[in-house]
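Here is the structure we will look at.
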Amino acid sequence: MQGLLLKLSTLDADAESAVRVIAYFDSLLRDHVSVPTLLAATARLAQCPVGLLDAATGRRTRTSPRGAVDTPAEAPAQVRELSDGLGAVWMEREGPAHGLDEIVLERYAVAAEVTLERAAALARSGQDPALVELVLSAETGEAERARALRLLGFAPSTPLQALAIALPDRGPDRGPDRGLAAGLRAMGHQVRATRIGDTEAVLVATTLPRDLPEGSRVGIGPELPGARAAESWAGARTALRFTGPHDRVMRWSELGALALFADLPEPAVAGLADVRAMERLGEEYLAAVRALCLAGSVRGAAATVHLHHSSMAARIARAESVLGFSLADAAGRLRAHLALALVRLRANLRPRTPA
């Protein structure tokens with residue numbers, strides 16, 4: 001509904017249009033939008049500036065249909081008071097009122113109340129890292145997880161993705177990494193995070209973009225209702241185990257049958273001949289094999305790593321002599337691709353050396 005870019009100027013003051021306005025605001029609430037996003041969406045709908053007074057902070061905010069934001073010295077004379085003393089909202093239409101202005105203001109007020117209450121709940125307790133850990137734990141009961149989700153600002157039915165972010169260089173007294181979580185917040189995502197061991201656990205309420213801010217290695221779990229967040233977290237941790245220096249982001253949804261290997265003990269992975277042979281290759285030969293597996297041809301691999309194709313061919317020939325099988329056909333490249341994935345898995349299975 002939001003994608004339709006509803007404008008009151010295109011709607012008639014009839015029951016059908018009123019239903020569309022109601023659905024518009026309902027969709028905003030389902031998406032758990034922030035206060036700034038709610039103001040911007042309402043201004044675009046009404047095609048006039050709208051404002052909000054947050055009684056908790058005393059701050060007044062006004063947003064234009066084009067997204068310009070300012071802080072008026074005072075609210076206009078005509079405002080709609082919010083319940084429980086949360087504040088007030090208003091519209092600033094020049095000229096005659098539109099027939100749907102009243103229902104827009106009514107639904108805007110309802111949405112503002114819910115959004116401000118959610119923000120207040122987060123300020124009181126929603127940032128508690130223990131709540132995130134409770135939501136992600138497989139041992140948490142259904143009712144307890146639902147309560148924790150609501151305190152974090154999520155409904156149990158809200159689609160969530162869990163992220164497992166490797167934090168190899170942070171001391172025991174440091175908080176969660178500010179890189180990726182902060183970057184996602186800056187992109188407008190609703191994010192809750194905590195640290196679990198040497199991993200940052202992140203919950204995100206909207207579908208992640210394909211390109212994430214660069215940084216640590218990241219495993220991304222499947223998108224599931226909040227009530228099943230523990231399953232997404234398990235998938236994220238598994239995906240993280242298949243990341244490496246050149247594969248810093250791995251999605252559970254893209255692992256496929258590789259996920260089965262995550263349950264193998266480290267000695268079993270280390271005992272595979274292809275894994276031992278791959279680990280004997282130097283970094284430049286590993287890079288060459290990886291490029292060939294991704295590109296499917298020597299010339300394509302050479303272009304990927306900015307090498308002359310003859311140099312790439314020499315590196316592939318050297319790698320084949322160590323691996324003991326050919327990379328010229330799809331079967332050989334598939335075998336090498338699996339061995340590369342298991343090398344990354346083994347590296348992440350090894351116990352970390354204390355700093």
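When the trypsin sites (Lys or Arg not before Pro) in segment 255-355 are filtered for DSSP coil states and for at most 10 other beta-carbon atoms within 10 Å of their beta-carbon, the remaining sites are Arg352. If only the Cβ of Lys and Arg carry +1 and only the Cβ of Asp and Glu carry -1, the dipole of the chain around its Cα centre is close to 1320 debye. Counting only protein heavy atoms and a 1.4 Å probe, the chain has 51 square angstrom of accessible area per residue. Specify the residue with the greatest mean-square fluctuation among Leu86, Leu260, Leu52, computed from a Gaussian network of the chain linking alpha-carbon atoms under 10 Å apart. Highest fluctuation of the listed residues: Leu260.
Quick one: ranking Glu279, Glu94 by accessible area, 1.4 Å probe, largest first, what do you get? Show your work: numbers first, answer last.
Numbers: Glu279 65, Glu94 170 Å².
Highest to lowest solvent-accessible surface, that is Glu94, Glu279.
Ranking Phe25, Ala119, Ile103 by Cα position along the charge dipole of the chain, where only Lys, Arg, Asp and Glu carry charges on their C-beta atoms, puts Ala119 farthest toward the positive end. Of Asp329, Asp263, Asp54, the order by accessible heavy-atom surface (1.4 Å probe, DNA, RNA and ligands excluded), from most exposed downward, is Asp263, Asp329, Asp54. Of the GluC sites (Glu not before Pro) found in segment 200-263, those in coil by DSSP whose Cβ has at most 14 other Cβ atoms within 10 Å are Glu214. Which loop-located trypsin sites (Lys or Arg not before Pro) does segment 182-274 contain, where loop means any DSSP state but H, G, I, E or B and the Cβ has at most 13 other Cβ atoms within 10 Å? Loop-located and lightly packed - Arg210. Taking the protein heavy atoms of the chain in the context of the full set of protein chains, the accessible area attributed to carbon and sulfur is 53 percent at 1.4 Å. Ordering Ala148, Pro222, Asn348 by the projection of their Cα atoms onto the charge dipole of the chain, which places +1 on the Cβ of Lys and Arg and -1 on the Cβ of Asp and Glu, puts Asn348 at the extreme positive end. Entry note, the chain: relative contact order of 11 percent, from Cα contacts under 8 Å with a spacing of 6+ residues.
For Kirkwood radius over Cα pairs in Å, pick the label among [x] 20.8; [y] 23.7; [z] 22.6 that corresponds to the value derived from the coordinates. Structure-derived value, by its label: [y]. When the Cα centres of segment 280-319 and segment 140-158 are compared, how far apart do they sit, in Å? Segment 280-319 and segment 140-158 have Cα centres separated by 49 Å.
The values are calculated or read from the model by the stated rules, or taken from the named source; none is laboratory data. Given the structure is predicted, the values throughout are model-derived calculations rather than measurements. Positions of Cβ are backbone-derived with ideal geometry, glycine not excepted, and every protein chain shown enters the neighbour counts. For the accessible areas, the whole protein counts, side chains as well, though only heavy atoms, and no ligand, DNA or RNA atoms are used. Shrake-Rupley method; radii C 1.70, N 1.55, O 1.52, S 1.80 Å.
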